[in-house]
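The values are calculated or read from the model by the stated rules, or taken from the named source; none is laboratory data. Fair warning: this is a prediction, and the values are worked out from it, not measured in the lab. Backbone-built Cβ (ideal geometry, glycine too); neighbour counts: all protein chains shown.
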Amino acid sequence: MSEKPTSLDDLRRKIDEIDNSLHDLLMRRTELARQIALAKGSNAVIMRPGREARVLRRLVGRHQGPFPKPVISRIWREIISVFTRLQGPFAAAAFAPEGGSDLSLLARDHFGSLTPITSYGSEMGVLRAVSDGKANIGILPLPESDRGTPWWPKLARSGKASPKIIARLPFAALDGGRRHGPEAVVVSLAEPEESGDDQGYLIVELDEAVSRGALKTLLSDAGFEVRNTQAWVDAPDRPLHLVEVEGFLASDDARVAALVAETDQVSHAWAVGSFAVPLTAEDLANSPAPSTQAENGDASDADAASAGVS
Ligand SMILES: O=C(O)C(=O)C[C@]1(C(=O)O)C=C[C@@H](O)C=C1
């Protein structure tokens, strides 16, 4: 004898109960925002990118079932962004040139529906907005995607008003981490924060022409695992190299000072930021879970869920 199906009314009652529980928890979480702001103290940095990455990695890592992981991340990005704004002023400046790649959309996906985002037609405009304190964060194209005059040499300055790279977007792409859309870095006057799986950027100014291979050897002798390098002659006598390295790079990393002190060819070096490594397609793929559609042989919905949303 087949089991009597639960009535639609009963199922909806269960959904109402679950919605109420979720809502109660959200209100309880919100009450903590005020306490968190107090615990940080006045003038503290509100946004903590390392902590945010850890929260998202933990939730995506423990997630089970067909609810798409990129949407789990999206929901928490909304929550975390509201929490950031509940603790103090928080606004973004995004590079969005006319007819070019509009990074304000990427910023909206990551920093939620309510974060004020101002668009700028030039990378320098974004950097200035952050340096002048008009925006807490700036969204810029990946340094390696620069075709004209690159923006990253502007980070090679000392002093407090020089923005640093603190995050990379998208962290959990809605296309399931397949990297089809635009990518960006986030800059801020706040220091980057370790997340447990990071990559760093340093800028190296050389006294003389050094081949890419020789520069890599120099850097690996100084203890860096180099992933990528970009070169730019900022002024006739100022060859700069942007170097992406494995692992977190704090502003006061002793290897950076040692590179200048112990290497004849390097005249200056700056640690210019770090970012939490974004979630990959593998991280964001849903593990197949028993579902009625799958059991009934309707694979299309289950496949769409396991691949993330497109
Ligand atoms: O943990 C903190 O420092 C918080 O402010 C909380 C929280 C969150 O909502 O989880 C919000 C903003 C921070 O960037 C990181 C995390």
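Which residues, taken from the range 36-57, are surrounded by fewer than 12 Cβ atoms within 10 Å (Cβ to Cβ) and more than 9 Å from the ligand (Cβ to nearest atom)?
Leu38, Gly41, Ser42, Asn43
Taking the options Gly223, Gly200, Gly177, Gly181, name whichever one is more than 24 Å from Gly100 (Cα to Cα) and outside any strand (DSSP E or B).
Gly223 is the lone residue from the list that is more than 24 Å from Gly100 (Cα to Cα) and outside any strand (DSSP E or B).
Got at least one residue in the range 165-173 being closer than 28 Å to Trp270 by Cα and of a type in the set (Lys, Arg)?
Taking every residue of the range 165-173 in turn, at least one turns out to be closer than 28 Å to Trp270 by Cα and of a type in the set (Lys, Arg).
List the residue pairs whose Cβ atoms are under 8 Å apart, where the first residue sits in the range 34-61 and is more than 23 Å from Gly138 (Cα to Cα) and of a type in the set (A, V, I, L, M), the second is more than 9 Å from the ligand (Cβ to nearest atom) and part of a helix (DSSP H, G or I), and the two are 6 or more positions apart or on different chains.
Note: pairs meeting the criteria are Leu59/Ile72; Leu59/Ser73; Val60/Lys69; Val60/Ile72; Val60/Ser73; Val60/Asp283; Val60/Leu284.
Within the range 19-34, work out how many residues are surrounded by fewer than 10 Cβ atoms within 10 Å (Cβ to Cβ) and more than 16 Å from Ile79 (Cβ to Cβ).
0
With a cut-off of at least 1 residues that are surrounded by fewer than 16 Cβ atoms within 10 Å (Cβ to Cβ) and either modelled with pLDDT of 70 or more or touching a His at 6+ places or on another chain (Cβ under 6 Å) (or both), name the helices (runs of 4 or more DSSP H) lying wholly within the range 228-310.
It comes to 254-262, 281-284.
Among the listed residues Ser119, Ser113, Ser73, Ser81, identify the single one that is more than 16 Å from Ala167 (Cβ to Cβ), polar (S, T, N, Q), at pLDDT 95 or above and within 16 Å of the ligand (Cβ to nearest atom).
Ser113
Condition check: more than 9 Å from the ligand (Cβ to nearest atom) and among the aliphatic types (A, V, I, L, M). Does Ala33 satisfy that?
no
Whether any residue in the range 130-137 is basic (Lys, Arg) and surrounded by fewer than 17 Cβ atoms within 10 Å (Cβ to Cβ) is what I want to check.
Yes, there is a match, as at least one residue in the range 130-137 is basic (Lys, Arg) and surrounded by fewer than 17 Cβ atoms within 10 Å (Cβ to Cβ).
For every residue, the table says whether it meets (1) touching a strand residue (DSSP E or B) at 6+ places or on another chain (Cβ under 6 Å); (2) surrounded by fewer than 17 Cβ atoms within 10 Å (Cβ to Cβ); (3) not in a strand (DSSP E or B).
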site	(1), (2), (3)
Val60	no, no, yes
Val82	no, no, yes
Glu98	no, yes, yes
Leu105	no, yes, yes
Leu114	no, yes, yes
Ile165	yes, no, no
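Determine whether Pro89 is surrounded by fewer than 16 Cβ atoms within 10 Å (Cβ to Cβ) and more than 9 Å from the ligand (Cβ to nearest atom).
Here the answer is yes, as Pro89 does meet what is asked.
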